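K.L.:
Starting off with a structure, shown below.
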Amino acid sequence: MEDGLVTVPETVVERPRGFGDGKSLGEHFRAGRAVVLDLSTMASGDARRMVDFAAGLVFGLDGRMEKVADRERTFLLQPAGMDLTEAEVRDAVNGAFRR
């Protein structure tokens, strides 16, 4: 909180169609944004490659990656120093599926 203002971390949704769409994911994550990664429309092989890419990105930048329990093939990536609450995670993920 700064000067009485509450800041909410920016969260973006990535729904890649193929492995080549990973650049946008990396750019958002490096810019300090949390990313909801929805792989539900990707082919299984490409989805596995994207998970490997995301895991390397998160590891290299000291972030965190967690599977969203109630969504098939959906992950939340949080940059270093970001610690979204359970409610913020739920809101980000549910908001992603309303779009």
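K.L.:
Per residue of the range 20-29, in order, report the coupling 6.51 cos²θ - 1.76 cosθ + 1.60 (Karplus, θ = phi - 60°) as ³J(HN,Hα) in whole Hz, putting x for Gly and Pro.
P.N.:
Per residue, the Karplus-derived 3J(HN,Hα) values read x, 7, x, 4, 4, 4, x, 5, 4, 5 Hz.
K.L.:
Still on this model: Per residue of the range 45-58, what does 6.51 cos²θ - 1.76 cosθ + 1.60 with θ = phi - 60° give for ³J(HN,Hα)? Whole Hz please, x for Gly and Pro, Karplus curve as stated.
P.N.:
Whole-Hz 3J(HN,Hα) from phi for the range 45-58: x, 5, 4, 5, 5, 5, 5, 4, 4, 4, 5, x, 4, 5.
Since every read-out is calculated from the coordinates, none of them should be taken as a lab result. Since the model is a prediction, treat every value here as computed from it, not as a measurement.
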